Amino acid sequence: MAYTEHFLESAEIHPIDIVENLAEHHAWDFDRVADDQIAMAIEGQWRTYSITLAWSAWDETLRLVCSFEMDPPEGHLPQLYEILNLANDKCWTGSFAFWREHKLMAYRYGLVLTGGETAGPAQIDHLVQNAVSAAERFYPAFQLVCWGDDTPEQAMQVAMDQAYGTA
């Protein structure tokens, strides 16, 4: 039986409860910040990512933020903003933003579940895994632009396009 089959299909299951069970299953460090919010740390190849998921009953949206510290040199900010645009053109399900005042790079996504819709464990697990994959994919390009001499176009060549289909 797949892990996701352990959950009953019910609108009574809170999305953050599902996230907490997934975090336990994957052995991710987590903290249930509030009834509607959870923070996790997920180890990637390049660094450990801070993941926060929050449920808003008001607009029926499950929000995800995957962040990591980044404090680029002031003179490289225009190149960083340019590569953010290039990276966001390659991201179909979320987007990157640089939060300068917090010195954080953030990948954000909002899953709208209006009309009483629910997200299942497999969908939420995919949401989290996709955020970490996007951060891992573009992290080296961000680094090359901020601390190397690469142009945004050159740096994007290390962020391979996702392959679809079968070989």
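The values are calculated or read from the model by the stated rules, or taken from the named source; none is laboratory data. Since the model is a prediction, treat every value here as computed from it, not as a measurement. Quick reminder, even Gly has a Cβ in these numbers, built from the backbone with ideal geometry, and neighbours come from all protein chains shown. Side chains are part of the model used for accessible areas, which takes the heavy atoms of the whole protein and leaves out ligands, DNA and RNA. Shrake-Rupley method; radii C 1.70, N 1.55, O 1.52, S 1.80 Å.
Just to confirm the number: angle between the C-alpha axis of helix 121-147 and the first principal axis of the chain, 0 to 90 degrees, nearest 10?
Its long axis makes an angle of about 10 degrees.
Estimate the FRET efficiency between ASP71 and VAL112 by the formula 1/(1 + (r/R0)^6), using the beta-carbon distance for r and 41 Å for R0, to the nearest 0.05. Intermediate values should be presented prior to the final figure.
Values: r = 33 Å, r/R0 = 0.80.
The value I calculate is 0.80.
About the Cα centre of the chain, what is the dipole size in debye to 20, counting +1 per Lys and Arg Cβ and -1 per Asp and Glu Cβ, all else neutral? Display every interim value, and only then the final one.
Working: 8 positive and 26 negative charges, 75 e Å.
Value, rounded to 20: 360 debye.
Could you tell me the accessible area of PHE68 in Å² (1.4 Å probe, neighbours in place), rounded to the nearest ten?
10 Å²
Report the label-to-label distance for TRP28 and ILE13 in nanometres (one decimal), using points 7 Å from each Cα along the Cα→Cβ vector.
The answer from the label model is 1.6 nm.
What whole-number value in Å² describes the accessible area per residue of the chain for a 1.4 Å probe?
Details: 9640 Å² over 167 residues.
Per residue, the chain has an accessible area of 58 Å².
Relative to the longest principal axis of the chain, what angle (0 to 90°, nearest 10) does the C-alpha long axis of helix 15-26 take?
70 degrees
Provide the convex hull volume over Cα atoms per residue for segment 33-127, in Å³.
Convex hull of Cα atoms, per residue: 130 Å³.
Summarise the accessible area of segment 6-161 (1.4 Å probe, protein heavy atoms) by the percent that is carbon and sulfur. Before the final figure, lay out each step's value.
On the way: 4150 of 8460 Å².
The nonpolar share, carbon plus sulfur, comes to 49 percent.
Show me 129-141, 44-56, 93-105 ranked by packing, highest mean number of other Cβ atoms within 10 Å first. Display every interim value, and only then the final one.
Numbers: 129-141: 19.2, 44-56: 17.2, 93-105: 14.7.
In decreasing order of mean packing, 129-141, 44-56, 93-105 become 129-141, 44-56, 93-105.
Using only the alpha-carbon atoms, how far is helix 77-90 inclined from the longest principal axis of the chain? Give it as 0 to 90 degrees, nearest 10.
Taking Cα atoms only, the helix is inclined about 50 degrees.
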